[in-house]
């Protein structure tokens, strides 16, 4: 797995942060790097993204369990004490699943806009791939450019990239592409793999939420949230005090890019809590 390592390399890892589907660790560099004064953070490239070279097998895939297992293998490899797992979108959900698999290795969870389907939709997803407009968009993505600079100029101000600052977009493009032997660059995250992530929701996020385990902090967006289904169950989920949830006003699903100060505050607060 590729990763950016922020903070003192001589101290244990405090936080492992995982990105959204189709993005990469470097996209969040300007958000996370300021925390290195107080904490050590690994921002990882999940399977099929950025600089990670783990194999991808989209055929027959139905869950994000493979990504959750990768996170646990990473925690084991760095031989850290219990860590804070944090993540955005798919990265948040994968962190939740990982903590459910090995709660003794995870001290706390901080999830920004995790993708959690309603109970009804989740039950349907366990029967096979779901329909997703986002998957349709991924299938149409342009995969090659003459250079990263061409990609940067093509993306600037368009689609989801409107929510990214100039620094975030430049960081995204830096690790979103790989050099082609014949010249130019191609997406590191293939459309096939991005689509697989958009349609494979057979994992059981609700069991992970309701089980005993480490504390869970969830930040969700005012507009177009991918975890709106759990908001209607907030009383049930938060009754035991293990889970806490708050809405971030004016935010969309790209909450971390739009409100980096909120991300830093939550991560700093959680990492400091023992």
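The values are calculated or read from the model by the stated rules, or taken from the named source; none is laboratory data. A quick note: this is a predicted structure, and the numbers were derived from the prediction, not measured. As a convention, Cβ positions derive from the backbone with ideal geometry for all residues, glycine included, and neighbour counts pool all protein chains shown.
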| said: Just the residues that are in contact with a strand residue (DSSP E or B) (Cβ under 8 Å, 6 or more places away or on another chain) and under 13 Å from residue 87 (Cβ atoms), please, taken from segment 24-58. | reply: 25, 28, 32, 41, 42, 43, 44, 45, 46
| task | Could you pull out every one of the helices (runs of 4 or more DSSP H) wholly within segment 1-110 that has 2 or more residues that are under 15 Å from residue 270 (Cβ atoms) and touching a helix residue (DSSP H, G or I) at 6+ places or on another chain (Cβ under 7 Å)? | result | 90-101
| request: For segment 25-40, indicate whether the set of residues that are more than 13 Å from the chain's Cα centre (by Cα), over 28 Å from residue 248 (Cβ atoms) and modelled with pLDDT of 95 or more is non-empty. | output: no
| query | Hey, which of the helices (runs of 4 or more DSSP H) in segment 170-274, taking only ones fully inside, have at least 3 residues that are on the phi < 0 side of the Ramachandran plot, crowded, with 17+ Cβ neighbours inside 10 Å and in contact with a helix residue (DSSP H, G or I) (Cβ under 8 Å, 6 or more places away or on another chain)? | reply | 191-199, 205-210, 255-258, 260-272
| Do you know which residues across segment 130-150 are assigned to a helix (DSSP H, G or I) and under 20 Å from residue 203 (Cβ atoms)? | 134, 135, 138
| Residue ID - surrounded by the fewest Cβ atoms within 10 Å (Cβ to Cβ), chosen from residues in segment 86-124 that are in contact with a strand residue (DSSP E or B) (Cβ under 8 Å, 6 or more places away or on another chain) and more than 18 Å from residue 27 (Cβ to Cβ) | 105
| Checking residue 154 against (1) within 26 Å of residue 272 (Cα to Cα); (2) touching a strand residue (DSSP E or B) at 6+ places or on another chain (Cβ under 8 Å); (3) in a helix (DSSP H, G or I), which test does it fail? | (1)
| task | Kindly list the number of the only condition in (1) more than 25 Å from residue 1 (Cα to Cα); (2) touching a helix residue (DSSP H, G or I) at 6+ places or on another chain (Cβ under 9 Å); (3) not in a helix (DSSP H, G or I) that fails for residue 127. | result | (2)
| request: Confirm whether residue 116 is part of a loop (DSSP other than H, G, I, E, B), at pLDDT 95 or above, touching a helix residue (DSSP H, G or I) at 6+ places or on another chain (Cβ under 8 Å) and under 24 Å from residue 17 (Cβ atoms). | output: yes
